[in-house]
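Only one structure is covered here, and it is reproduced in the block below.
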Amino acid sequence: MAFGFVVRWYREEQGWSQEELAHAADLHPKYVGTIERGERSPTLTTILKLSRGLGISAGRLLEATQRFMADGAPPA
């Protein structure tokens, strides 16, 4: 759930729809939605695709998720 929240936050920061992120990450839009809602756990390959699609490093995406889980703070 936390990972999905962070993905959604970064996506919305760019003003993108789920479809736009899915296209940029070479993923199906419905799959992006299931990740954002916390219904599916992404594989390492999917994490890498999402980070590339968002234009950030996978490390930054995972660190933001850890921070959110620790203190509920949105990504910065």
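The values are calculated or read from the model by the stated rules, or taken from the named source; none is laboratory data. None of these values were measured; they are calculated from a predicted model. Glycine gets a Cβ as well: all are built from the backbone with ideal geometry, and neighbour counts include every protein chain shown.
Of the numbered conditions (1) part of a helix (DSSP H, G or I); (2) of a type outside the set (A, V, I, L, M); (3) on the phi > 0 side of the Ramachandran plot, Gly33 fails exactly one; give the number of that condition.
Just one mismatch for Gly33, condition (3).
Is one or more of the residues making up segment 29-38 in contact with a helix residue (DSSP H, G or I) (Cβ under 9 Å, 6 or more places away or on another chain), of a type in the set (A, V, I, L, M, F, W, C) and modelled with pLDDT of 95 or more?
Checked against the condition, which is being in contact with a helix residue (DSSP H, G or I) (Cβ under 9 Å, 6 or more places away or on another chain), of a type in the set (A, V, I, L, M, F, W, C) and modelled with pLDDT of 95 or more, segment 29-38 yields at least one hit.
Residues being touching a Gly at 6+ places or on another chain (Cβ under 8 Å) and either under 13 Å from Trp9 (Cβ atoms) or surrounded by 14 or more Cβ atoms within 10 Å (Cβ to Cβ) (or both): count how many of those fall in segment 25-50.
4
Given the residues Ala2, Ala22, which is the only one that is among the small types (Gly, Ala, Ser) and in contact with a His (Cβ under 8 Å, 6 or more places away or on another chain)?
Selected residue: Ala22, the only one of Ala2, Ala22 that is among the small types (Gly, Ala, Ser) and in contact with a His (Cβ under 8 Å, 6 or more places away or on another chain).
Within segment 39-60, track down each residue that is in contact with a helix residue (DSSP H, G or I) (Cβ under 9 Å, 6 or more places away or on another chain) and outside any helix (DSSP H, G or I).
Residues satisfying the conditions are Glu39, Arg40, Ser41, Pro42, Gly55, Ile56, Ser57.
Please determine whether any residue of segment 22-31 is of a type outside the set (Lys, Arg), in contact (Cβ under 8 Å) with a residue 24 or more places away in the chain and within 23 Å of Gly72 (Cα to Cα).
Among the residues of segment 22-31, not one is of a type outside the set (Lys, Arg), in contact (Cβ under 8 Å) with a residue 24 or more places away in the chain and within 23 Å of Gly72 (Cα to Cα), which makes the answer no.
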